[in-house]
Amino acid sequence: MTPSPYADGLTFVQHLAPTWRKTQHVDFAQLVGAILERPELCLSEIVRDWPRPNQPLHGRLKRLLRFLDNPRLDELALCIRWLRLSYRFASDLPEDTPQRPVLPLLLDTTYFEPFAALIASVPCGSRALPIVLTTYHRSQLAACIPP
């Protein structure tokens, strides 16, 4: 019996954020799974793909909003842990010298006027694993989300 995509996502989230509570693991795994299933990033569209379809959409949306507004979630620690895990994914890359491994970073800027997002990723097979991002106002060059 193969594990479900949700079970794989939950295992990944538990490794990514081992200090989070079980409910936070479940909510984040549901969020990641729904983002992968839905073509749009609108919150109401994302929660349409959450488990418990018999629960009203409004209830699922409130749960997602509470999770995203939780001040106890440490996004910086999550990004650092994600970066450390990316070293494992990129462990098959050739080394520049015996002392220092090479970890190429891919930089991508996406524009949505008047804002832009700068995303740094690590190559992983034929895909890229995003490790950090920031958004900024293009004319003021002021960060919207601190890096």
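In table form, for the structure just shown:
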quantity	calculated
Approximate shape of the stretch 10-60 as ellipsoid semi-axes (Cα gyration tensor, √5λ), whole Å, largest first	21, 13, 8
Residue-by-residue Karplus 3J(HN,Hα) for the stretch 24-38, coefficients 6.51, -1.76, 1.60, Hz, glycine and proline x	5, 4, 5, 4, 5, 5, 5, 5, 4, x, 5, 5, 5, 8, 9
Phi to ³J(HN,Hα) by Karplus 6.51 cos²θ - 1.76 cosθ + 1.60 over the stretch 66-72, Hz, x for Gly, Pro	5, 5, 5, 8, 5, x, 7
Fraction of accessible area attributable to carbon and sulfur, the stretch 1-77 (%, probe 1.4 Å)	60 percent
Per residue accessible area of the stretch 1-85, 1.4 Å probe, in Å²	69 Å²
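The values are calculated or read from the model by the stated rules, or taken from the named source; none is laboratory data. Bear in mind that the values here come from a model prediction, so they are computed numbers and not experimental data. With ligands, DNA and RNA removed, areas are computed over all heavy atoms of the protein, side chains included. Shrake-Rupley method; radii C 1.70, N 1.55, O 1.52, S 1.80 Å.
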